[in-house]
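The values are calculated or read from the model by the stated rules, or taken from the named source; none is laboratory data. Keep in mind the model is a prediction, meaning the values are calculated, not measured. Cβ: placed from backbone, ideal geometry, glycine included. Neighbour counts: every protein chain shown. Just the protein is used for accessible areas: all its heavy atoms, side chains included, with ligands, DNA and RNA removed. Shrake-Rupley method; radii C 1.70, N 1.55, O 1.52, S 1.80 Å.
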Amino acid sequence: TATYGDTDKKVEGTTDGNGAISYAVKEGSADYIDVDSSTGALTIKKVGTATVIVTAAETATYAQATKEVTVTISKANSTVTKAPEAKTLTYTGSAQALVNAGEATGGTMNYAVTTENTAPTDENLYTTSIPTANDAGTYYVWYKVKGDANHNDTVELNVKVLIDKADI
């Protein structure tokens with residue numbers, strides 16, 4: 001088993017007869033991994049299942065032996081590298097962006113807004129656009145990373161934003 005982004009994964013082979021061991025990627029698996037033919041070190045390309053062929057060379061004592069090893073590559077976790085930051089806002093009568101954008105790796109930052117400290121239950125409320133609001137009040141900007149093909153989504157978190165009333 002491996003996770004996308006792993007840099008230290010290796011298929012290991014042993015031989016009692018001191019024959020050389022070689023490694024090859026089975027046909028159809030090259031989209032997912034590369035393997036160093038002499039060390040078995042893997043280069044993970046994407047999530048999925050791949051097969052490595054491990055061959056122990058023939059020696060004076062042992063016949064050549066070949067074994068197929070299945071490597072399952074799972075998604076890595078995406079991360080919020082910079083959380084969105086609440087803006088200091090006062091009512092203007094116009095829509096105002098509630099936060100400064102956050103940043104993510106392994107996917108795309110998505111946002112939703114509520115007026116209660118309860119996460120949206122409808123996935124369609126999350127968009128890549130920074131939420132805006134017009135009226136004075138308290139808002140909760142929910143954010144999470146929607147993972148790409150090789151990364152999982154993060155859990156949603158929120159930042160509280162207040163649009164103060166304007167002075168008369």
Fill in the blank from the handout: Looking across the stretch 98-109 at residues that are over 27 Å from Lys46 (Cα atoms) and surrounded by fewer than 16 Cβ atoms within 10 Å (Cβ to Cβ), the single one that is nearest to the chain's Cα centre (by Cα) is Ala101
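Here is a yes/no grid of residues against (1) in contact (Cβ under 8 Å) with a residue 24 or more places away in the chain; (2) open to solvent by 70 Å² or more (accessible area, probe 1.4 Å); (3) assigned to a strand (DSSP E or B):
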residue: Glu27; (1), (2), (3): no, yes, no
residue: Asp31; (1), (2), (3): no, yes, no
residue: Asp34; (1), (2), (3): no, no, yes
residue: Thr43; (1), (2), (3): no, yes, yes
residue: Glu58; (1), (2), (3): yes, yes, no
residue: Ala63; (1), (2), (3): no, yes, no
residue: Thr92; (1), (2), (3): yes, yes, no
residue: Tyr111; (1), (2), (3): yes, no, yes
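So is Gly19 assigned to a loop (DSSP other than H, G, I, E, B), in contact (Cβ under 8 Å) with a residue 60 or more places away in the chain and either in contact with a strand residue (DSSP E or B) (Cβ under 7 Å, 6 or more places away or on another chain) or charged (D, E, K, R) (or both) or not? Show your work before the answer.
Details: assigned to a loop (DSSP other than H, G, I, E, B): yes; in contact (Cβ under 8 Å) with a residue 60 or more places away in the chain: no; either in contact with a strand residue (DSSP E or B) (Cβ under 7 Å, 6 or more places away or on another chain) or charged (D, E, K, R) (or both): yes.
It is false that Gly19 is assigned to a loop (DSSP other than H, G, I, E, B), in contact (Cβ under 8 Å) with a residue 60 or more places away in the chain and either in contact with a strand residue (DSSP E or B) (Cβ under 7 Å, 6 or more places away or on another chain) or charged (D, E, K, R) (or both).
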Practice task
Those residues that are open to solvent by 90 Å² or more (accessible area, probe 1.4 Å) and either small (Gly, Ala, Ser) or within 9 Å of Gly107 (Cα to Cα) (or both), I need them from the stretch 154-168; list them, please.
Solution key: none
Fill in the blank from the handout: Every listed condition ((1) outside any loop (DSSP other than H, G, I, E, B); (2) free of Cβ contacts under 8 Å to residues at least 12 places away in the same chain) holds for Lys67 save (2)
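Considering Lys144, Lys165, Lys160, which residue is within 18 Å of the chain's Cα centre (by Cα) and at pLDDT 95 or above? I'd like the intermediate steps shown before the answer.
Values: Lys165 fails: within 18 Å of the chain's Cα centre (by Cα); Lys160 fails: within 18 Å of the chain's Cα centre (by Cα).
Unique residue meeting the criteria: Lys144.
Somewhere in the stretch 94-102, is a residue without any contact (Cβ under 8 Å) to a residue 60 or more places away in the chain, closer than 26 Å to Gly147 by Cα and part of a strand (DSSP E or B)? Don't jump to the end; show me each part of the working.
Step one: of the stretch 94-102, the residues without any contact (Cβ under 8 Å) to a residue 60 or more places away in the chain are 94-95, 97, 100-102.
Checking the rest, the ones that are also closer than 26 Å to Gly147 by Cα come to 97, 100-102.
Checking the rest, the ones that are also part of a strand (DSSP E or B) come to 97, 100.
Within the stretch 94-102, one or more residues are without any contact (Cβ under 8 Å) to a residue 60 or more places away in the chain, closer than 26 Å to Gly147 by Cα and part of a strand (DSSP E or B).
Of these, Ala95, Ala56, which one is in contact with a Ser or Thr (Cβ under 9 Å, 6 or more places away or on another chain) and modelled with pLDDT of 95 or more?
Values: Ala56 fails: modelled with pLDDT of 95 or more.
Ala95 is the lone residue from the list that is in contact with a Ser or Thr (Cβ under 9 Å, 6 or more places away or on another chain) and modelled with pLDDT of 95 or more.
Report yes if some residue within the stretch 76-86 is open to solvent by 70 Å² or more (accessible area, probe 1.4 Å), within 30 Å of Ile130 (Cβ to Cβ) and without any contact (Cβ under 8 Å) to a residue 60 or more places away in the chain; otherwise report no.
Checked the stretch 76-86: at least one residue is open to solvent by 70 Å² or more (accessible area, probe 1.4 Å), within 30 Å of Ile130 (Cβ to Cβ) and without any contact (Cβ under 8 Å) to a residue 60 or more places away in the chain.
Quick check on this structure: which one of Ala50, Ala41, Ala65 is more than 28 Å from Gly147 (Cβ to Cβ) and either small (Gly, Ala, Ser) or out of contact with any Lys or Arg (no Cβ under 9 Å at 6 or more places or on another chain) (or both)?
Values: Ala50 fails: more than 28 Å from Gly147 (Cβ to Cβ); Ala41 fails: more than 28 Å from Gly147 (Cβ to Cβ).
Exactly one residue qualifies, and that residue is Ala65.
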